[in-house]
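The values are calculated or read from the model by the stated rules, or taken from the named source; none is laboratory data. Since we're looking at a predicted model, the values are computed, not measured. Please note: Cβ atoms are built from the backbone with ideal geometry, for glycine as well, and neighbour counts cover all protein chains shown.
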Amino acid sequence: MPKSLLPAERIERSILLIRGQKVIIDADLAALYGVSTKRFNEQVKRNKSRFPADFVFRLSPREKANVVANCDHLQKLKFSPGLPYAFTEHGALMAAGVLNTPAAIGVSIAVVRTFVRLRKLLASHADLAQKLDELEAKYDEPFKIVFDAIRQLMIPPVPSRRKKIGFRLE
């Protein structure tokens, strides 16, 4: 079985949650496929029929600002005049077919595996929540503190906006 060309962590870092969907921004997808964002978007525009609304959508100015503020690796988008595209799992796969390069095929396999792994993680999280509900109904009063503590641990941490450390000129 061939090893993936890209570390899964790099792909996972590129996957964002926007409009309730897991997506990859066009700049990240282009970088993964080894082409420029401009060339990548040209190929997508030439093949519009392959990219319905549930495969790709354009970010709003507010979403773009949010992505730039929260993703250090996408700071270059701040100065881009256009709004980036967001590709769902299916859109990312379709893009591999549009690019039709050996590198794109290898990357598309890695992208699919990463999306599938994330889906399994989310499903196991949902299973854990359901089992916790069942246990809580069975052992209601004596273990309330334990169940509350476990539920607090299941909540994903909120990214904090900490002040940067170091010398700054004001």
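Residues that are over 17 Å from the mean Cα position of the chain (by Cα) and part of a loop (DSSP other than H, G, I, E, B): does the range 96-103 have at least one? Scanning the range 96-103, I find at least one residue that is over 17 Å from the mean Cα position of the chain (by Cα) and part of a loop (DSSP other than H, G, I, E, B), so the answer is yes.
All conditions but one from (1) of a type outside the set (Phe, Trp, Tyr); (2) in contact with a helix residue (DSSP H, G or I) (Cβ under 8 Å, 6 or more places away or on another chain); (3) over 23 Å from residue 119 (Cβ atoms); (4) not in a helix (DSSP H, G or I) apply to residue 64; the one that does not is (4).
Taking the condition within 21 Å of residue 110 (Cα to Cα) and either assigned to a helix (DSSP H, G or I) or touching a residue at least 60 places away in the same chain (Cβ under 8 Å) (or both), does residue 77 pass? Give the derivation first.
On the way: within 21 Å of residue 110 (Cα to Cα): no; either assigned to a helix (DSSP H, G or I) or touching a residue at least 60 places away in the same chain (Cβ under 8 Å) (or both): yes.
Against the criterion (within 21 Å of residue 110 (Cα to Cα) and either assigned to a helix (DSSP H, G or I) or touching a residue at least 60 places away in the same chain (Cβ under 8 Å) (or both)), residue 77 does not qualify.
Residues satisfying the criterion are absent from the range 102-112 (criterion: closer than 17 Å to residue 16 by Cα, hydrophobic (A, V, I, L, M, F, W, C), surrounded by fewer than 18 Cβ atoms within 10 Å (Cβ to Cβ) and touching a strand residue (DSSP E or B) at 6+ places or on another chain (Cβ under 6 Å)).
Scanning the range 24-58 for residues that are of a type in the set (Lys, Arg) and part of a helix (DSSP H, G or I) yields 38, 39, 45, 46, 48, 50.
Hey, any hits in the range 144-165 for a residue that's modelled with pLDDT of 75 or more, part of a helix (DSSP H, G or I) and either touching a Gly at 6+ places or on another chain (Cβ under 9 Å) or surrounded by fewer than 10 Cβ atoms within 10 Å (Cβ to Cβ) (or both)?
Looking for residues that are modelled with pLDDT of 75 or more, part of a helix (DSSP H, G or I) and either touching a Gly at 6+ places or on another chain (Cβ under 9 Å) or surrounded by fewer than 10 Cβ atoms within 10 Å (Cβ to Cβ) (or both), one finds none in the range 144-165, hence no.
Of all residue pairs spaced 6 or more apart or on separate chains, those with beta-carbon atoms under 7 Å, a first member in the range 87-99 that is within 9 Å of residue 51 (Cβ to Cβ) and a second member that is among the β-branched types (Val, Ile, Thr) and crowded, with 20+ Cβ neighbours inside 10 Å are 87/23; 87/24; 87/56; 91/56; 95/44; 98/44.
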